[in-house]
Amino acid sequence: MNKIAAIGCGVVAMVVLGVLAIAALVGISGYNRLVSQSQTVDKQWAQVQTDYQRRADLIPNLVATVSGAANFEKSTLVEITEARASVGQVKLSAGNAPTDAKQLADFEKAQGQLSTALSRLLVVSERYPDLKANKNFGELQVQIEGTENRITVARRDFNEAVSAYNTNVKSFPTVIYAAWFGFKEKPYFASSAGSDVAPKVNFDFSKPAPTKP
């Protein structure tokens, strides 16, 4: 009986060791996948930051060019200048995606205000035909259109990367150990109506410029 019991214990021990080995392999594989997905999120976040910064860098030249138009509305220039300054006040790491939903919301709000101010400035610019002949203005128009498209794509790619990462964090068996290693859900960019379509910047110079009363 003792010999049989010993054999039984040995079998049980081997089964336990086998289960532990499989669990360890699954855990290592899951951990490595989390690391890879987290890095992908950070990479996409860096691209988002790059595209937003590119837009911000275009604005001073745009303001300088538009302000040269006769009687251009100064309040519009002040609005976009202040909106650009408010964006600079929201400090987020360029290399690491935010983990605080409020921080991302504040960042998105500031960028949204800048988008609104930029759109308003461009709409107002349509009323000044003299800008049509300005080569620098035309080049800036093309660059802004391209940048808005890049921002739209970058935000979408970021949200997709976060979705894949968050799904893994919440899935079994990863959910068991993800928090132990510091892997937590990451926030998305909020979706809004029309957010999947980059704003179009069109200039209709058929409209007359405002005249002095």
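Each value in this text was obtained by applying a stated rule to the coordinates, not by laboratory testing. All values reported here derive from a predicted model rather than from experimental measurement. In this analysis, Cβ positions are derived from the backbone assuming ideal geometry, glycine residues included, and neighbour counts consider all displayed protein chains.
Structure data summary
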| item | result |
| --- | --- |
| Convex hull projection area averaged over all views, the range 2-181, Cα basis, nm² | 12.5 |
| Net lengthening on full extension, residue 164/residue 119 (0.36 nm per residue, minus Cα-Cα) | 12.9 nm |
| Calculated from backbone phi, Karplus (6.51, -1.76, 1.60) coupling profile of the range 86-97 in Hz, x at Gly/Pro | 5, 4, x, 7, 8, 9, 10, 4, 7, x, 10, 4 |
| Among 78, 119, 63 the positive-end extreme of the charge dipole of the range 2-181 (Cβ point charges) | 119 |
| Förster radius 41 Å - calculated FRET efficiency between residue 185 and residue 136 (Cβ-Cβ, nearest 0.05) | 0.35 |
| Residues residue 71 and residue 39, FRET efficiency given R0 of 41 Å [Cβ-Cβ distance, rounded to 0.05] | 0.20 |
